[in-house]
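Peer 1: The structure under discussion is supplied below as structure tokens; questions concerning it will follow.
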Amino acid sequence: MNAKRLPLVLLLAVLTLGLVELVASALVYRERVSDEDWEAAAAFVAEHPGEAVLVSEDWLAARAAMELPAEAARALEGLPDLRGQQRFWILAPGRRSPWTARTHPELEGMAAPEAEAVHRFGALRLHAFANPSAGAETFDLLDALPDAAVASPSGKCRSQSGLSWRCKEGGLRVREVEVDYRPRRCLAVELDSGVQAKVSLGAVELGDRLRGHLGFGDFNARLRNDGAAELELWIDGALAARWLFTDDQGWAALALATEPGTHALELRVRLSAAGTWQRDGHRNSPTNAICVEVRGLMEATQ
């Protein structure tokens, strides 16, 4: 190719690429979401309390959290997965599929849910699904925590409203934690290196499967800490399972077959190395947040 023509060819290539991007953007965002669209969608969701709402796109999620009713917004910001959701909704823009890289992983290998209906609110569409593969929830760790006893090697941790505990080596609290770039509502464990927290729930109702997740919170802390988290589940005073997790696993799922009925359940969790590694060496503070959630499900009859 003539060297004098090369700049012109490159310029035309850049202009062509820009035109393609412009057309693609126009097709994707040709429908604008108005305030009226949000009001209509929020009113509809309010008529279906207790049913989880997922959002198909990251850019839509922040606005949905502000516009949808508080109960739906809480589920949207911290739902662990779809295993306990026998019916749910997915909010999506325009004609785009509700199943995206944001929503599909929440199935975690379950059979595809059954599409029931699509409700349109201007530029928004609310897709209704039935989920026959979902189990019936028998207990939730976060609901059982107000009656829990929490201890560390230094002794009993002091409870604050049943949603947070102070120990000599750190603390535990229920909150939303960023795990793998998504918000998850869980029990956040923030203790010194190697310190094991014991969370005794007393008698809970187990189904035939215990499921949960563990993840590491705080993007900056994950970058500077290679510590592994250890989670143990004790049922009726005996060790039932032990898992080891790293931050590379993201929102890591765990599962355990259980005997249905009332059982004493205890969680034990620790981080091998808290704090972060900086240029000047290791710093104990801030400690990493280990995000844990556990639920009992009855799945055999599903």
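The values are calculated or read from the model by the stated rules, or taken from the named source; none is laboratory data. The shown structure was predicted, so the numbers you read here are calculated from the model rather than taken from an experiment. Methodologically, a virtual Cβ is constructed for each residue, glycine included, from the backbone with ideal geometry; neighbour enumeration extends over all protein chains shown. The accessibility values were calculated without ligands, DNA or RNA, using every heavy atom of the protein model including side chains. Shrake-Rupley method; radii C 1.70, N 1.55, O 1.52, S 1.80 Å.
Peer 1: Filter segment 73-88 down to the residues that are in a loop (DSSP other than H, G, I, E, B) and farther than 19 Å from residue 117 by Cβ, then identify the one that is modelled with the lowest pLDDT.
Peer 2: Looking at the filtered set, the residue picked out is 79.
Peer 1: Do we find a residue being under 24 Å from residue 298 (Cα atoms), among the polar types (S, T, N, Q) and either free of Cβ contacts under 8 Å to residues at least 40 places away in the same chain or open to solvent by less than 60 Å² (accessible area, probe 1.4 Å) (or both) anywhere in segment 56-79?
Peer 2: Checking segment 56-79: not a single residue is under 24 Å from residue 298 (Cα atoms), among the polar types (S, T, N, Q) and either free of Cβ contacts under 8 Å to residues at least 40 places away in the same chain or open to solvent by less than 60 Å² (accessible area, probe 1.4 Å) (or both).
Peer 1: Check 127, 119 and return the single one that is in a strand (DSSP E or B) and without any contact (Cβ under 8 Å) to a residue 60 or more places away in the chain.
Peer 2: After applying the criteria, what remains is 127.
Peer 1: Going residue by residue through segment 98-105, is there one that turns out to be in contact with a Lys or Arg (Cβ under 7 Å, 6 or more places away or on another chain) and open to solvent by less than 30 Å² (accessible area, probe 1.4 Å)?
Peer 2: No; the residues of segment 98-105 include none that is in contact with a Lys or Arg (Cβ under 7 Å, 6 or more places away or on another chain) and open to solvent by less than 30 Å² (accessible area, probe 1.4 Å).
Peer 1: Still on this structure: Would you confirm, using the coordinates I've provided, whether residue 128 is out of contact with any Ser or Thr (no Cβ under 8 Å at 6 or more places or on another chain), open to solvent by 20 Å² or more (accessible area, probe 1.4 Å), farther than 30 Å from residue 199 by Cβ and hydrophobic (A, V, I, L, M, F, W, C)?
Peer 2: Answer is no for this residue.
Peer 1: Moving to a separate point now. From (1) open to solvent by 30 Å² or more (accessible area, probe 1.4 Å); (2) part of a strand (DSSP E or B); (3) at negative phi, pick out the condition that doesn't hold for residue 248.
Peer 2: The number of the failed condition is (2).
Peer 1: So which pairs qualify, if the first residue must be in segment 157-179 and among the aromatic types (Phe, Trp, Tyr), the second must be assigned to a loop (DSSP other than H, G, I, E, B), the Cβ gap must be under 7 Å, and the two must be at least 6 apart or on different chains?
Peer 2: Sorted first by the residue in segment 157-179, then by its partner, the pairs are 165/157.
Conditions tested, residue by residue: (1) on the phi > 0 side of the Ramachandran plot; (2) within 12 Å of the chain's Cα centre (by Cα); (3) at pLDDT below 85; (4) assigned to a loop (DSSP other than H, G, I, E, B).
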residue: 71; (1), (2), (3), (4): no, no, yes, no
residue: 90; (1), (2), (3), (4): no, no, no, no
residue: 96; (1), (2), (3), (4): no, no, no, yes
residue: 102; (1), (2), (3), (4): no, yes, no, yes
residue: 106; (1), (2), (3), (4): no, yes, no, no
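Peer 1: Based on this model, can you work out whether residue 111 counts as closer than 22 Å to residue 299 by Cα, touching a Pro at 6+ places or on another chain (Cβ under 9 Å), without any contact (Cβ under 8 Å) to a residue 24 or more places away in the chain and in a strand (DSSP E or B)?
Peer 2: Taking the combined requirement at face value, the residue does not satisfy it.
Peer 1: Can I ask one more? Criterion first (assigned to a strand (DSSP E or B), modelled with pLDDT of 90 or more, in the same structural domain as residue 291 (by TED's automatic domain parsing) and closer than 30 Å to residue 58 by Cα) does residue 270 satisfy it?
Peer 2: no
Peer 1: Can you pull out the strands (runs of 3 or more DSSP E) entirely within segment 147-210 that have at least 3 residues that are over 23 Å from residue 252 (Cα atoms)?
Peer 2: Ranges flagged: 149-152, 158-160, 164-167, 197-206.
Peer 1: Could you tell me whether residue 240 is at pLDDT below 90 and either open to solvent by less than 30 Å² (accessible area, probe 1.4 Å) or touching a strand residue (DSSP E or B) at 6+ places or on another chain (Cβ under 9 Å) (or both)?
Peer 2: no
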